[in-house]
Amino acid sequence: MHDRPRLYLRLGDKVIHLRYGEWGEGAVVEEMTSVLVGGTCLVRILFEDGQQRTFNNDLDNDICCYYFGIRRQSHSLLGEERQRSKRAASPRRLRQD
């Protein structure tokens, strides 16, 4: 177990929800991280439909927003769109020592 939570989203990150496309793109507008061991880590996301929704932000928690379908489209520090590769994955080779 980690002493600190593994945070997925940061303030300003642009996101989408895989199952609720009608929400549109969202932006992280608030980050709330407890200083207590085992405390809650939350993010508030404002979506294009005008609704703010709050999600758990700890990747070590089963109810983290990542596992519920939230995906980061761009990172606030990098300011660039994340592109998925269009090519097929090449077969992996086993190393022979």
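Only the coordinates and a few stated rules stand behind these numbers; no lab work does. Source: prediction; values computed, not measured. Cβ atoms come from the backbone with ideal geometry, glycine included; neighbour counts cover every protein chain shown.
Take every Cα-Cα distance within segment 14-72, group them into 5 Å bins from 0 onward, and report for each bin the whole-number percent of pairs it holds.
4, 20, 31, 24, 13, 6, 3, 0
Counting DSSP beta bridges in segment 14-72, what percent are antiparallel, to the nearest 5?
Values: 17 of 18 bridges.
Approximately 95 percent, going by the DSSP bridge assignments.
Which ³J(HN,Hα) values in Hz, rounded to whole numbers, follow from the phi angles of segment 41-57 under the Karplus curve 6.51 cos²θ - 1.76 cosθ + 1.60, where θ = phi - 60° and Gly and Pro get x?
10, 10, 10, 10, 10, 9, 9, 4, 6, x, 9, 9, 10, 10, 9, 6, 10
If you stretched the chain out fully between Arg4 and Asp62, how much longer would it get, using 0.36 nm times the residue separation minus the C-alpha to C-alpha distance?
Details: separation 58, 0.36 × 58 = 20.88 nm, distance 1.56 nm.
Between Arg4 and Asp62, full extension yields 19.3 nm more.
In what order do Asp60, Asp13 fall by count of nearby beta-carbon atoms within 10 Å, going from fewest to most? Don't jump to the answer; show the numbers that get you there.
Values: Asp60 12, Asp13 21.
Starting with the residue having the fewest Cβ neighbours, the order is Asp60, Asp13.
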